[in-house]
Amino acid sequence: MIKNYLKISWRHLRSSKSYSLVSIAGLAIGICCALFIALYVFDELSYDQFHDKKDRIYRMTEMIDHNGEIHAALTSVPVGPTYAAEYPEIENYVRFMWMGGPLTVKVGEKVYRENNLWYSDSTLFDVMSFKLLHGDSKEALKAPHSVVITEELAAKFFEAPEKALGQSIRLGTLDFNVTGVIENSPSNSDIVYSAFVSITSVPEQQMQALTQDWFRLTCYTFLLFDNPVAEGSFRTKMDEFSKRHVDPFVETFGGNSSARFDLQPLNKLHFDNSREYDTAKGNPSYISIFIILALFILTIACINYVNLSLSQSIKRAKEVGVRKTLGARPHQIRFQFLGESILISLIALFLGIALVEVLLTPFNSITSKSFELLDVFDLKMMGTMLGIILLVGILSGIYPAIVLSSFDASNILRGSLPKLGKFGNLRRVLMLVQFAFSLFMIIGTISIFSQMKYLQEKELGFDKDQLVIITIPQDTAVYNKLSYLKDVYLNNPNVKGITGSSGIPGGRTGEIMFRVEQDVEMVEKNIKFMRMDEDFLGIMGIDLLKGRNFSKDIQTDQREGFIVNETALKQFGWMEEPLGKRVQWGLQPNGGAAFDGKVVGVVEDFHFASLHNPLEPLVIGYSPNNSLLFSVKLAGGNIQSSLDFLEDEWSKFAGNNPFEYQFLDDRIETQYAQENTLLTVFGYFSVLSIFIAALGLFALTSFTVEQRMKEFSVRKVLGAKVSDLGKLLGKEFVVLLLIAVVLIAPLAYYAINIWLANFSYRISIPWFSFLAAALLSLLITTLTISYHIWQLSKANPARTLRME
Amino acid sequence: MKTELIKTNGLEMAYRTEEIETLALNDVNLVINQGEFVSIMGPSGCGKSTLLNVLGMLDSCSGGHYHFDGEAISAMSERQRADIRKSNIGFVFQSFNLIDELSVFENVELPLVYLNKSATERKKKVNELLERMGLAHRSGHFPQQLSGGQQQRVAVARALVAEPKIIFADEPTGNLDSVHGDEVMNLLTDLHQNGTTVVMVTHSAHDASFSERTLNLFDGKLISETQNKFRESV
């Protein structure tokens, strides 16, 4: 029996090639999208799950209240060892302390710039499951000046990983001994590394200071417990710990600050965005959005298949009639057609996988992942595919199966076409859902696009165009020649200006503890801080509102001069007279400060952080020679030749230090990488959903035309014009479309509002996105129907009526 | 002694729309014995096909009694009727109703598939039958590759393959020219001579003359009955 079903399904597919192509293509596209989303979601969910002891590993985080609360992913240095020493349930701990970067690495005569280097405890391999390929996992990170490098670095530095052991590399000014080669940082690890340096290499004096301070947020601390910790069960102990250690520390400088601790399970780390100073994280809401998109597009594809099957059902009616006459029971007919739709989904799955292979490269570039086709055949993915097949097969097959099995054999075999009247409403509902989903996709795309455009065009308070940002290596040889380089650059007429600073808009702006004058008191506050030279404001186009810029000629500016932004004025209550207000940083417990000065100028607010964040107070210090970044303002015209010039001159004086640059506008753009991914995915998905929905609409129209052919023919004979028939045919779809607009508009409005809440600076949802979505859908609907109206206009009504 | 295969008593079939009720069959009383060849004649719309569908258990009657091989059909469920139908009744339609996507062999095999016969048994029976009907060489062909007459012979083979007690033929020559039409009528006559009961609806007096007895239907009522002189195959 099954053989018979398979045979007839296959032959039917072959005999109705265009129908088969359209229905399989629609499903294949839907399945392809779903597979991509599944790949993405599984990858995101697999973050940090490869650690064998993941159920027992927790990251400790520190919440400091020091005139303003900060809940950081980092902790102070003593946290890990002290906890491990005091609580027997903590078997081990490991800390990761970022070494800064990119760092200059010298291997022999060659110079490299590397990122993601960490100081780490020797217990790294006891706690985490990063695989050490060469070397002794117990000893590798014990001795000072030991470094464990990745396979990739080992191959780059020493040609082959196995040759790396025992070799020496220079980080900054110190030599390190390669004691191990570790696997490359897994793509699904929250800790991204290229090398681990033994934490004992931190200069002793620095380490000593860090070890005594509970407020210096310096490292990520992971604790390995003997058993999984029940939520909240360690809370009391952590509170006691704070009282025992942090409170006496606070007393030493007489403040009323506090530090409390919290645990985050490692296996849930990737989606917890709640801590500051955290590593790059997954965005759980994007996972949900992507899953919803996948379901949307699969549903559209399924509905499409249902409509196509129904439009074919008249052709299959005779077969059903014959089968019923010959003894087939309704359930057997249902089984047959359900099986057929599962077969079609299976074919669509294979095609979908082929599509995944074809589109894998663009998908990887959109999502910044590195998937391979083999990943599709991972066990979870296979399970998903089986699920998709059954879901799509059953969802799309069940309705046509019920309709077909309900056909009345005696009528069909007498030659009358089956009427689908009672199923018409459900068919309309399906069409409505399809319209609604497509509209949602279009509205979403337009809204995200508008917000992104707004972000791009928003006045940021500085001029981001034609600015090249050059990273200055931490190399004293380079530092000493910076002013010489500046002069060389400025001699070129294409260079309009050059400025050095510690930070730049679009990058991370550090936050440090200040004391600022408020009323007559000095109050401690965490405030964003950057340093710049005297040319910064001019080149960046940042306006000075009050006071003056820093000056080379005023000796005291370096230690005693500060410029603040408008928001600082508002928040510190300095609106009346900001100039001369006292500011201190480099605070000492005895109440003194390394830098103690006054406000000399006020600048207009500029967005130094992304537009996700509201403006915050900013203090700017003067640093004429100690820059981390050079910003070079180029004249318009041939940018490439200017860049070539900058690079040529750089290589003359910077030795082997590579020329690393980025345009400021690109850098700002990268702040919105996640949103751009979302926009791209939404864009593609809406085009696909419209395409699939149009296929479905096309099929449904042809079905309607077939069902109402007699009526149309009679009308034509009686004098109806083609436009009358068009109205007759189109009315139903247009009404459905309008209902869909009304139904989806509030839902879309609500959903987009939730997304927009991520931004401190946002558009109000553009009303034209609803109108545009409706008009676009109407246009596509009209075009689709037009084909059938054109066919109707050519048809000879006499022939149809004779056949009837 | 003749065995009654079909017996109806006051058979009625009404079609209802919202406002009117049409009586397609009205108090039809008839008996068809095993081995008979009966034709049903009458003008268009007189209820011939309806009667055939009720007798063939594709439709259920709305009134009266219908006994098939001694069993009361009118009281049965759709499912019970389907079970009796598939093992006892063969159908031949005016428009052949072969499944285009199945080959000649597969079309003929279909009733045996629904009777859950084994593949070996199906193959044996279908091949024997196609051989007997001179269609063996067409076994792998598809319906579109055959002439109308050949298609109807395949349809007859399909009706016969499950060895039913009776064959219902609804205008079996309606779509055929006279040569192919006679071919089919000869086939039905042969079947009848070999003991198969045949009930045929027809417009054609020529076709009816192949049967033993003609029932004349008018406005849903059986108005007369004619005994035909049995004729040899032409």
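Data table
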{"read-out": "Hits in the stretch A:627-654 - residues which are surrounded by fewer than 16 Cβ atoms within 10 Å (Cβ to Cβ) and either within 30 Å of A:TYR286 (Cβ to Cβ) or in contact (Cβ under 8 Å) with a residue 40 or more places away in the chain (or both)", "value": "A:ALA635, A:GLY636, A:GLY637, A:ASN638, A:ILE639, A:SER641, A:PHE653"}
{"read-out": "Subset of the stretch A:187-218 (residues that are in contact with a Leu (Cβ under 9 Å, 6 or more places away or on another chain), closer than 30 Å to A:PHE42 by Cβ and among the hydroxyl-bearing types (Ser, Thr, Tyr))", "value": "A:TYR193, A:SER194"}
{"read-out": "Exclusive hit being in a loop (DSSP other than H, G, I, E, B), surrounded by 23 or more Cβ atoms within 10 Å (Cβ to Cβ) and within 14 Å of chain A (Cβ to nearest Cβ), set B:LEU58, B:LEU102, B:LEU25", "value": "B:LEU58"}
{"read-out": "Which listed residue is crowded, with 20+ Cβ neighbours inside 10 Å, touching a helix residue (DSSP H, G or I) at 6+ places or on another chain (Cβ under 8 Å), without any contact (Cβ under 8 Å) to a residue 40 or more places away in the chain and of a type in the set (Gly, Ala, Ser), from B:GLY181, B:GLY149", "value": "B:GLY181"}
{"read-out": "Residue check for A:VAL77: surrounded by fewer than 21 Cβ atoms within 10 Å (Cβ to Cβ) and touching a residue at least 40 places away in the same chain (Cβ under 8 Å)", "value": "no"}
{"read-out": "Of all residues making up the stretch A:565-603, the number that are touching a helix residue (DSSP H, G or I) at 6+ places or on another chain (Cβ under 8 Å) and part of a strand (DSSP E or B)", "value": "7"}
{"read-out": "Residue check, B:ALA136 surrounded by fewer than 23 Cβ atoms within 10 Å (Cβ to Cβ) and within 13 Å of another protein chain (Cβ to nearest Cβ)", "value": "no"}
{"read-out": "Some residue of the stretch A:349-363 being in a helix (DSSP H, G or I), more than 14 Å from chain B (Cβ to nearest Cβ) and touching an Asp or Glu at 6+ places or on another chain (Cβ under 9 Å)", "value": "yes"}
{"read-out": "Evaluation of B:ALA155 against (1) under 20 Å from the mean Cα position of the chain (by Cα); (2) in contact (Cβ under 8 Å) with a residue 40 or more places away in the chain; (3) surrounded by fewer than 22 Cβ atoms within 10 Å (Cβ to Cβ) (one fails), failing number", "value": "(3)"}
{"read-out": "Unmet criterion (only one of (1) at pLDDT 85 or above; (2) touching a Phe, Trp or Tyr at 6+ places or on another chain (Cβ under 6 Å)) for A:ILE512", "value": "(1)"}
{"read-out": "Subset of the stretch B:82-97 (residues that are facing another protein chain (nearest Cβ under 7 Å) and in a loop (DSSP other than H, G, I, E, B))", "value": "B:PHE93, B:SER95, B:ASN97"}
{"read-out": "Subset of the stretch A:371-394 that is outside any helix (DSSP H, G or I) and out of contact with any helix residue (DSSP H, G or I) (no Cβ under 6 Å at 6 or more places or on another chain) - its residue that is surrounded by the fewest Cβ atoms within 10 Å (Cβ to Cβ)", "value": "A:GLU372"}
{"read-out": "Test: residue in the stretch B:105-118 that is surrounded by 18 or more Cβ atoms within 10 Å (Cβ to Cβ), out of contact with any strand residue (DSSP E or B) (no Cβ under 6 Å at 6 or more places or on another chain) and more than 14 Å from chain A (Cβ to nearest Cβ)", "value": "no"}
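The values are calculated or read from the model by the stated rules, or taken from the named source; none is laboratory data. In this text the structure is predicted, and so the values were computed from the model without any measurement. When we count neighbours, we look across all protein chains shown, and the Cβ atoms used for this are built from the backbone with ideal geometry, even at glycine.
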